[in-house]
Amino acid sequence: MPEPNLPKEFLRLLKPRLPQMVATLRTFVEAESPSLEKAAANKCCGIVAEEWRKRGVRVERLAQKERGDHLRITYWPNKPRPAGQLLVLGHYDTVYSSGTLRQMPFRVSAGKAYGPGIFDMKSGIVQALYALQALQETKTALRKRLVFLWTSDEEIGSESSRKLFESEARRSDAVFVLEPSFGPRGLLKTARKGVGQAELIVHGRASHAGLAPEEGINAIHELAQQLTRIEKWNDHRRGVTINAGIIEGGTRTNVIPERARAVLDLRALRVSDMRGLEDRLRDLRPFQRGAKLDVTGGFDRPPLESRMSASLFARAQLLAKQMNLPLDECTVGGGSDGNFTAALGIPTLDGLGAVGDGAHSAHEHILINTMPARAALLASLLATS
Ligand SMILES: [Zn+2]
């Protein structure tokens with residue numbers, strides 16, 4: 001059993017480190033790291049790697065062809081064989097292209113720190129770094145090996161990193177995701193919707209709207225009927241949403257259109273609903289005789305179901321309570337790499353990163369005073385898992 005006062009001990013140690021945490025955060029934020037700019041991302045990767053190397057841990061830089069390199073950091077201070085592995089997962093890439101710093105420089109004002117990618121999720125990496133430091137300085141014995149993975153392409157779908165973090169996750173007993181928390185109270189994200197996209201193309205038959213209307217098959221009318229049917233599949237109570245976000249079709253008003261198209265955003269909280277939605281889309285049949293439907297696409301990220309995070313969250317809440325820190329949870333509509341690890345059946349707790357707001361926007365910021373407690377919470381989770 002862990003010492004009952006461990007979280008408090010970590011917090012006591014980390015609180016005076018806040019100025020250093022902010023200084024480290026500044027160097028990370030000022031190293032711009034857009035997912036699509038390899039040279040810039042690599043530079044940031046080097047700076048992050050250097051900070052971790054200072055702690056005497058094993059740092060591996062995993063070279064990538066097209067994207068920035070990924071970083072794998074391993075910590076196992078004890079002599080005997082570890083009883084398993086814990087994965088701490090996050091990304092250092094941001095959605096901001098190089099030069100954004102000129103319009104939104106790193107700055108601290110009224111207890112908030114601003115800058116591109118500061119909330120999503122460079123401060124998460126800083127908090128993990130100081131969580132490690134707290135474990136080291138207190139010489140906390142760990143039961144499991146710790147692997148920290150910082151990837152370079154989460155914001156663009158994790159194509160180059162997915163295999164890597166999935167195989168690390170398979171070796172792990174739990175995954176802790178340092179994505180931003182939700183709202184000013186720093187809610188953990190214990191459920192995330194699965195996200196997908198589908199395209200529905202209707203093929204009709206063109207004809208003159210005045211001279212030979214009976215020979216035409218109107219693809220737009222058909223699409224409209226299909227969308228009316230699809231709209232009824234929305235079930236907000238179950239967390240199932242389907243949104244026609246783009247439609248197009250037709251050429252001129254006096255031509256019966258032969259083609260119409262809709263692009264749909266798909267979201268679901270449960271794997272069974274995700275499959276159900278995909279099946280229903282595939283089973284669509286035309287209303288008009290002679291019309292043809294083409295359906296492509298589906299879910300890219302499966303849902304992070306709350307049952308995959310429930311026990312980890314319960315423990316996080318207990319540990320937070322030992323620091324007199326209220327901790328709550330929420331469900332969010334967007335996905336992260338935690339969706340993939342949960343789908344593998346590995347317990348996953350997400351939203352452990354910074355407290356702040358404005359991800360992907362000009363007012364992106366964090367509440368700096370929350371950093372030591374968030375780092376202490378992570379250290380406690382790693383020490384007791
Ligand atoms: Zn993120």
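Tabulated data
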quantity	calculated
Within the range 23-86, GluC sites (Glu not before Pro) in DSSP loop having at most 11 other beta-carbon neighbours inside 10 Å	GLU66
Surface share of carbon and sulfur [accessible, 1.4 angstrom probe, percent] for the range 230-278	45
Cα coordinate range in the range 222-323, projected on the principal axes (Å, largest first)	72, 24, 22
TYR114 - accessible surface, heavy atoms, 1.4 Å probe, Å² rounded to 10	40
GluC sites (Glu not before Pro) restricted to the range 91-173 and DSSP loop, no more than 13 other C-beta within 10 Å	GLU159
The range 154-176-the range 91-110 distance, computed between alpha-carbon centres (Å)	25
Whole-angstrom Cα spans of the range 173-221 along principal axes, big to small	66, 30, 12
Cα-Cα P(r), the range 108-266, percent of pairs per 5 Å interval	2, 6, 10, 12, 12, 11, 10, 8, 7, 6, 5, 5, 3, 2, 1, 1, 0, 0
Range of Cα positions in the chain per principal axis (Å), largest first	85, 45, 39
Net charge contributed by nearby residues that have their C-beta within less than 11 Å of SER158 (K/R +1, D/E -1)	-4
Surface accessible to a 1.4 Å probe, per residue, for the residues of the range 200-272, Å²	58
Globularity ratio of the range 19-153, using Cα Rg and 2.2 N^0.38 Å	1.09
Max mean-square fluctuation residue, GNM over the chain, Cα-Cα springs under 10 Å, options SER306, SER361, SER207	SER207
Total formal charge among the other residues, if their Cβ is under 9 angstrom from that of ALA134, Lys/Arg +1 and Asp/Glu -1	-1
Structure-based [θ]222 nm, the chain - -39500 (n - 2.57) summed over DSSP H runs of at least 4, per residue, nearest 500	-10000 deg cm²/dmol
Kirkwood-based shape ratio for the range 135-179, expressed as Rg/Rh from alpha carbons	1.06
Helical segments meeting 15 Å axial Cα length and Kyte-Doolittle 0.0 threshold in the chain (DSSP H)	18-30, 123-137, 310-321, 371-384
Computed E for SER361/ARG171 - FRET, C-beta separation, R0 41 angstrom, nearest 0.05	0.70
Inter-probe distance in nm under a simple model that places probes 7 Å from Cα toward Cβ, at ALA310 and THR74	3.5
Contact order normalised by residue count of the chain, Cα under 8 Å, 6+ apart, percent	25
Computed over the range 136-270: relative contact order in percent, which uses C-alpha pairs under 8 Å that are six or more apart	25
Under 25 Å from the Cα of LYS189 - lysines, other chains or at least 8 residues apart	LYS8, LYS15, LYS112, LYS122, LYS144, LYS163, LYS321
Karplus (6.51, -1.76, 1.60) ³J(HN,Hα), θ = phi - 60°, over the range 322-337, in Hz, Gly and Pro reported as x	5, 9, 6, 10, x, 9, 10, 10, 7, 10, 10, x, x, x, 8, 5
Formal net charge of residues neighbouring ASP328 (Cβ-Cβ distance under 15 Å; K, R +1; D, E -1)	+3
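The values are calculated or read from the model by the stated rules, or taken from the named source; none is laboratory data. As the structure is a prediction and not an experimental result, all values here were calculated from the model. Virtual Cβ from ideal backbone geometry, glycine too; neighbours counted across all protein chains shown. What goes into the accessible areas is simple: the full protein's heavy atoms, side chains included, and nothing from ligands, DNA or RNA. Shrake-Rupley method; radii C 1.70, N 1.55, O 1.52, S 1.80 Å.
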